[in-house]
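The values are calculated or read from the model by the stated rules, or taken from the named source; none is laboratory data. Just so it is clear, the model here is predicted, and its values are computed rather than measured. All Cβ positions, even for glycine, are placed from backbone atoms using ideal geometry, and neighbour counts span all protein chains on display.
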Amino acid sequence: MHDASPQPLTATTGGPLRGTIAVPGDKSISHRALMLSALAVGTSHITGLLEGEDVLATAAAMRAMGARAERSGPGEWQVDGVGVGGLLQPAGALDMGNSGTSTRLLMGLVASHAITATFTGDASLSGRPMGRVIAPLSQMGADITASPGGTLPLMVRGIAPAVPITYTLPVASAQVKSAVLLAGLNTPGVTTVIEPVATRDHSERMLAGFGAELSVEQSDAGRVIRLTGQAELRPQSIAVPGDPSSAAFFAVAASIVPGSDVVIRNVGLNPTRAGLFRLLRRMGASIEEMDARIVGGEPVADLRVRHTDLIACDPDPADAPSMIDEFPVLFIAAALATGTSRITGIEELRVKESDRITTMVAGLRAIGVTLEELPDGLVIEGRGGEPFAGGATIASRLDHRIAMSFAVAGLHAGRPITVDDRAPIATSFPNFLDLLRSLGASC
Ligand code: S3P
C-alpha cells in the first residue's frame with residue numbers, strides 16, 4: 001500500500017494554532033458501516049466515510065466477497081449487500097494492509113460462511129496476535145490455520161451452520177467482541193459475548209440499527225450482549241461522525257501550544273470513546289463542548305480547545321478502553337504537564353500497530369523527556385510547560401499514531417522533531433498534515 005521509500009516529516013515550533021477544522025469520519029464506525037451494509041438486503045447509503053487505507057481495505061474485501069461498494073463523492077458510498085449468509089468465496093487473498101480491525105472483524109464474518117479466505121497484511125499487522133479471535137471462532141466451528149504465533153498470513157475455513165457460543169472476553173477488546181458478534185450474525189440461535197470491562201459499543205449500536213435482534217444487559221460478570229442469528233439486515237442511511245481518535249491529536253496540540261484556540265467540528269463523543277477528553281479536562285485542559293447533537297445514532301459535538309497549563313495525570317486502568325488509541329498523544333501531553341504521571345494497566349498497547357509503550361518511550365527520551373518504562377505502562381516526568389528539547393528523528397515503526405503524536409510534539413520543541421516516515425498516517429487520517437497546517441502549524 002505504501003511507497004517503499006520512507007517519507008520523513010519535520011515539525012517545528014511556530015505561532016499559536018488557530019482556526020476551525022472538521023476531522024474525517026470515525027474509523028471504527030466506517031469499517032462497521034461497510035461490513036453491515038454489505039450484509040443487508042438492498043442498497044445502503046453512507047456519508048462521512050473515512051477514506052483511509054484501513055477502511056479501503058475493508059471495502060475491497062467486501063467487494064471480493066460479492067458486495068458492490070461504490071464511491072459517489074468524498075465520503076459518500078453506496079453499498080449493495082449480499083444478505084446475511086450470502087458472502088461469496090473471494091478469488092484471491094484478502095490484503096488487510098495495516099488494519100487489525102479489518103482483519104479481526106472480517107475473520108468473524110468469514111467464520112460462519114461456507115467459504116475460505118486467506119488474510120495477509122504488512123509487516124506491522126503480520127506481527128500482531130490473532131489468537132484472541134482464533135480461539136472463539138474455532139469454538140464456533142471455523143477451521144483456522146495461522147502462521148507461527150497465531151499471526152498472519154492465515155486462512156479461515158468458515159462453516160455454515162456455525163455453533164452459537166457464550167464467550168467471556170479474556171482481554172478488553174472491541175475487535176474480539178465484534179468478531180464473535182459478526183460470526184453470530186449467520187449462526188442459528190443466540191450468540192452471547194460477556195465483557196467484564198466495557199469497550200467501544202459501535203457494533204452493538206449499528207447491529208441494532210440494521211434491525212438485528214440484540215440485547216445488552218449489565219450483570220455481575222459485566223456487560224452481556226446477546227445476538228439472535230440469521231437475521232435479515234435492512235439497508236440503512238448512515239452518517240459517520242468524526243473520529244474522536246483523530247480529534248485527539250488536535251485537542252492535545254491546541255492544549256500544549258501557547259496561545260492556541262481551535263474548534264474541532266463534528267467529533268464523535270460516544271462515552272466508550274471519549275476517555276481522553278475527560279482525562280485532559282482533569283489535567284486542566286480547556287475543552288468546551290458546543291452544539292451537542294446525535295449523528296448516525298452516536299453523540300457528537302464541536303469542541304473548542306484553548307491552550308492551558310496542564311497538570312500530571314494518574315488515569316484509572318478501568319478507563320483505558322475508552323481511550324485505548326489515544327495513549328501515544330496523551331504521553332505527549334503528560335510529558336509537558338507539571339508533575340509526574342504514572343500510567344499503568346495499558347499492556348494492550350504492546351500489541352497495537354507497534355509496541356506503543358516501547359516506541360513512545362524511545363521517542364520521548366530522544367526529545368529530552370525523563371521517563372521510566374514499566375511492563376504495563378510508564379512513568380513520565382512532566383516538563384512543566386518547558387518545550388521538548390527536540391532535535392531528533394523518531395522511529396515510527398509503521399504506526400500512524402506514533403507518527404502523528406511526534407508531529408504534535410514538534411509544535412512545542414526547542415529544535416525541530418523529525419518523524420522517519422509519514423506514510424503510515426494515511427491508514428487512518430490522510431489529511432492530517434493539511435489540517436494541522438491550516439491551523440498555522442509548521443510541518
Ligand atoms: C477497534 C478496537 C480497538 C482499537 C482499534 C479499533 C475497533 O482495538 O485499538 O483501533 O474498531 O473495534 P482492540 O479491540 O484490539 O482494543
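Among the residues of the range 175-225, those that are buried (at least 23 other Cβ atoms within 10 Å of the Cβ), of a type outside the set (A, V, I, L, M) and more than 15 Å from the ligand (Cβ to nearest atom) comprise 184, 186, 187, 191, 210. Residues in the range 86-141 that are over 19 Å from residue 54 (Cα atoms), more than 16 Å from the ligand (Cβ to nearest atom) and buried (at least 24 other Cβ atoms within 10 Å of the Cβ): 87, 111, 112, 113. Condition (residue is surrounded by fewer than 23 Cβ atoms within 10 Å (Cβ to Cβ) and without any contact (Cβ under 8 Å) to a residue 12 or more places away in the chain) applied to the range 268-276: is it met by at least one residue? No, because not a single residue in the range 268-276 is surrounded by fewer than 23 Cβ atoms within 10 Å (Cβ to Cβ) and without any contact (Cβ under 8 Å) to a residue 12 or more places away in the chain.
Which of the residues spanning the range 3-36 are within 16 Å of the ligand (Cβ to nearest atom) and small (Gly, Ala, Ser)? Reasoning before the result, please.
The initial filter retains those residues of the range 3-36 that are within 16 Å of the ligand (Cβ to nearest atom), namely 23-36.
25, 28, 30, 33, listed by residue number.
Residues of the range 229-267 being surrounded by fewer than 22 Cβ atoms within 10 Å (Cβ to Cβ) and β-branched (Val, Ile, Thr), which ones? Within the range 229-267, just 263 meets the criteria.
Close contacts from the range 72-86, counting a first residue that is touching a residue at least 24 places away in the same chain (Cβ under 8 Å) and a second that is in a strand (DSSP E or B) and among the acidic types (Asp, Glu), with Cβ to Cβ under 6 Å and a gap of 6+ residues or different chains, come to 78/70.
Within the range 65-112, the set of residues being over 15 Å from residue 40 (Cα atoms), assigned to a loop (DSSP other than H, G, I, E, B) and of a type outside the set (Ser, Thr, Tyr) comprises 74, 75, 89, 90, 91, 92, 93, 96, 97, 98. When we screen 438, 405 for residues that are modelled with pLDDT of 95 or more, surrounded by 22 or more Cβ atoms within 10 Å (Cβ to Cβ), in contact with a Gly (Cβ under 9 Å, 6 or more places away or on another chain) and among the hydroxyl-bearing types (Ser, Thr, Tyr), the only hit is 405. A Cβ distance below 7 Å, combined with a sequence gap of six or more or placement on separate chains, defines the contacts here; from the range 173-185, residues that are closer than 9 Å to residue 203 by Cβ reach residues that are away from the ligand (no atom under 12 Å from the Cβ) and aliphatic (A, V, I, L, M) in the pairs 177/193; 181/193; 181/207; 181/225; 181/227; 182/109.
Among the residues that make up the range 237-248, is at least one of them under 22 Å from residue 87 (Cα atoms) and away from the ligand (no atom under 16 Å from the Cβ)?
The answer is yes, given that some residue of the range 237-248 is under 22 Å from residue 87 (Cα atoms) and away from the ligand (no atom under 16 Å from the Cβ).
The condition of being in contact (Cβ under 8 Å) with a residue 24 or more places away in the chain, surrounded by fewer than 22 Cβ atoms within 10 Å (Cβ to Cβ) and more than 16 Å from the ligand (Cβ to nearest atom) holds for only one of 166, 145, that being 166.
Filtering 370, 393 for residues that are more than 27 Å from residue 308 (Cβ to Cβ), at pLDDT 95 or above and surrounded by fewer than 20 Cβ atoms within 10 Å (Cβ to Cβ) leaves a single hit, 393. Quick check: anything in the range 299-307 touching a residue at least 60 places away in the same chain (Cβ under 8 Å) and either farther than 18 Å from residue 244 by Cβ or surrounded by 24 or more Cβ atoms within 10 Å (Cβ to Cβ) (or both)? Checked the range 299-307: at least one residue is touching a residue at least 60 places away in the same chain (Cβ under 8 Å) and either farther than 18 Å from residue 244 by Cβ or surrounded by 24 or more Cβ atoms within 10 Å (Cβ to Cβ) (or both). Residue-level check: of (1) within 16 Å of the ligand (Cβ to nearest atom); (2) among the charged types (D, E, K, R); (3) part of a loop (DSSP other than H, G, I, E, B), residue 54 misses just (3). Outside any helix (DSSP H, G or I), within 12 Å of the ligand (Cβ to nearest atom) and either of a type outside the set (Lys, Arg) or in contact (Cβ under 8 Å) with a residue 40 or more places away in the chain (or both): is that true of residue 262 in this structure? Spelling it out, it is not the case that residue 262 is outside any helix (DSSP H, G or I), within 12 Å of the ligand (Cβ to nearest atom) and either of a type outside the set (Lys, Arg) or in contact (Cβ under 8 Å) with a residue 40 or more places away in the chain (or both). Here the condition is being in a helix (DSSP H, G or I) and surrounded by 24 or more Cβ atoms within 10 Å (Cβ to Cβ); of 11, 61, it holds for 61 alone. Among the criteria (1) free of Cβ contacts under 8 Å to residues at least 40 places away in the same chain; (2) out of contact with any strand residue (DSSP E or B) (no Cβ under 6 Å at 6 or more places or on another chain); (3) part of a loop (DSSP other than H, G, I, E, B), the one residue 123 does not fulfil is (1).
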